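Contents: one structure, followed by commentary.
Read-outs throughout are calculated quantities, based only on the coordinates presented, and are distinct from any laboratory measurement. Since the model is a prediction, treat every value here as computed from it, not as a measurement. Glycine also receives a Cβ, built like all others from the backbone with ideal geometry; neighbour counts cover every protein chain displayed.
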Amino acid sequence: MKFRNFKMVDYVVYGRGSFDQLDEILAPRRKGDAPVIFFVDHYFEGKALVNRIPLRGKDKVIFVDVTYEPKTSYVDKLAAELKSEFGTVSGIIAIGGGSAMDLGKAVSLMMTNPGSSADYQGWDLVKLPGVYKAGIPTLSGTGAEVSRTTVLTGPTRKLGMNSDFTPFDQIVLDPALTANAPVNQRFYTGMDCYIHCIESLEGTYLNEFSKSYGEKALELCQYIFLEKDQWDEECDDKLMMASYAGGMSIAYSQVGVAHAVSYGLSFLLGTKHGIGNCIVMNHLEEYYPAGVEEFKRMVEKNKIDIPVGICKGLTDEQFDSMINVSLGMKPLWENALGKDWEKIMTREKLRALYERL
Ligand code: NAD
Ligand code: ZN
C-alpha cells in the first residue's frame, strides 16, 4: 500500500482583524519592484475593505468578475495581461469566495507554466511552481483555501488543476470578512462544506485523518445550521473553521455523488457549485440517507429555497453531455460507491437521477 504524501498550505493566520497583518506578511515576499497583484471579488468594488489593502509601489488591485465560475479562458487572459504589463510579479493575493480564490491559484500557476490552463486540467499535470500566492476567503464553505485544486471550466470539461503546486503559500482566515454575505449565498456555500463532510465520512477512501477533520467540520455545521437560532459572529467564526476542516477532510479522501452529479449541471447549465450541490443533495436519500434527512432539516430551519425541476425539457444530447462530465469524475464515484462503481452507477441510473432534479 502506498500512502499519499500531500502538500499543504505553508502558512495560516486565523483571527478577526488578521487581514490587517497582510502588509507585514507580504513584506518578505516582495521581489525588488515586482508588484503584488490583488485579485478582489468584484462584490468589494467601492467597499471599505479595498482601502485596507496594503498597496506599495506598482501593486495593483484587479476586481475579478465572478458572475460565472472561473473559466480557463479568463485565467489565460488575466495571466497574459499581467505578463505583458509587468513581466513578472511578486505574488497574487486572492480575496473573495471560492471563485476568486480559484482564479488566484490558477493565474499564479499560469504566470510560470507555458500554454493554456486547459492543458493542466486533471491530476498532477502542472510542471512548475507558480508565483507566490495567498488566499483570503470572504465566504466560508468551499475549502478552496486549503485544497490542492483550482476548479476551472474549460472547452471540454469542468475539472481542476490538481497538483502539489496548487495550494496557497499563505492563507489569512479573518471571519470578519464574511459578515456581509447574503443569507442564501452563505447557506449554499456553507452546505458545500456540510456536503464535503458527508461525502468524505460516508466514502470508501475514509481514513482516520479524514475522519477526524470531517467529524469536527460536521459538528460545527450542525451547531451553526441547526442549533443556533440567530446568525452572529460566532457563526462566522465557526463556519470559517468548518470550511478549513472540511477541506482538510477531503484532501485525504474525496467528495462523492453530490459533487459528481453537480459538476454535470454546472458544465451544461452553468449552475453554481454551492446551489448545484444543494439541488442534487435534495435527491440523494439512496446514497446518504441520514445526511440527506439532516440536510433537509437545515434547509427548512434556515428558510432556504432549493430549486427543483431544473432539468425539465432538456434534450437527450444535453442529458448525455451531463452524464459524460459526471461519469468522468472517476475518483469521486469510486470513493462514493467503491471499486465496482461502474456496475452500480450506470448511464441509465444517472439519467433517471438527473431527470428528478
Ligand atoms: P463564489 O466565490 O462564486 O461567490 C458567490 C457570490 O458571493 C459572488 O457573487 C460573490 O461576489 C459574492 N461574495 C463573495 N464574498 C462575499 C461577501 N463577503 N459578501 C457578499 N458577497 C460576497 O462562491 P463560493 O461558493 O465561495 O465558491 C464557489 C466556487 O468555488 C466555484 O467556482 C467552485 O467550483 C469553487 N470551488 C473550489 C474548490 C476548490 O477546492 N478549489 C472547492 C469547492 C468549490
Ligand atoms: Zn464542493
Electrostatic dipole magnitude of the chain [Cβ: Lys, Arg +1; Asp, Glu -1; Cα centre; debye, to 20]: 760 debye
Global form of the stretch 284-357, assessed from the alpha-carbon gyration tensor, a/c cut-off 1.5: oblate
Leading residue at positive end of dipole, the stretch 271-357 (Cβ point charges), from Tyr354, Ile310, Leu327: Ile310
Cut-off under 5 Å, modelled amide H: who pairs with Gly122 long-range: Gly160, Met161, Asn162
Rounded if a/c under 1.5, otherwise prolate or oblate - the stretch 57-132, Cα gyration tensor axes: oblate
Cα pair distances in the stretch 222-311, grouped into 5 Å bins until the bin that holds the longest one, percent each: 3, 12, 18, 22, 24, 14, 6, 1
R0 of 35 Å, Cβ-Cβ distance Val183-Val12: FRET efficiency to nearest 0.05: 0.80
Inter-label distance, nm, simple model (7 Å from Cα along the C-beta direction), Leu314/Glu355: 1.3 nm
In the stretch 242-342, the GluC sites (Glu not before Pro) that fall in loop regions by DSSP, at most 11 other Cβ within 10 Å: Glu286
Descending semi-axes in Å of the stretch 11-178, equivalent ellipsoid built from Cα gyration tensor: 23, 18, 15
Distance (nanometres) between label positions extended 7 Å along Cα→Cβ at Asp305 and Lys339: 4.8 nm
Whole-Hz couplings from phi, Karplus 6.51/-1.76/1.60, listed for the stretch 188-204; x for Gly and Pro: 4, 6, x, 5, 4, 5, 4, 5, 3, 4, 4, 5, 6, 5, 8, x, 7
Surface/4 of the Cα convex hull for the stretch 148-225, nm²: 7.4 nm²
In nm, spacing of pseudo-spin labels at Glu348 and Glu81 (7 Å Cα→C-beta vector): 5.0 nm
Highest to lowest packing among 160-167, 41-48, scored as the average C-beta count within 10 Å: 160-167, 41-48
Extension gain, Glu208 back to Arg56 (0.36 nm per residue minus Cα-Cα distance, nm): 50.3 nm
19 Å Cα-Cα reach of Lys216 towards lysines, excluding residues that sit fewer than 8 places from it in its own chain: Lys228, Lys238
Relative pair counts by distance (%), Cα atoms of the stretch 272-318, 5 Å bins: 5, 19, 25, 24, 16, 7, 5, 1
Pairwise Cα inverse-distance average, inverted: Kirkwood Rh of the chain (Å): 20.5 Å
Cα-based shape type of the stretch 183-356, given that a ≥ b ≥ c are square roots of the gyration tensor eigenvalues and the cut on a/c is 1.5: oblate
Rg [Å, one decimal], Dmax [Å, integer] - the stretch 1-97, C-alpha atoms: 15.6, 53
Ellipsoid semi-axes in whole angstrom, largest first, where each is sqrt(5λ) of the Cα gyration tensor of the stretch 257-299: 20, 11, 6
Spatial separation of Cα centroids for the stretch 261-277 and the stretch 91-140, in angstrom: 21 Å
Interchain or long-range residues, amide H under 5 Å from Val12's placed H: Ile171
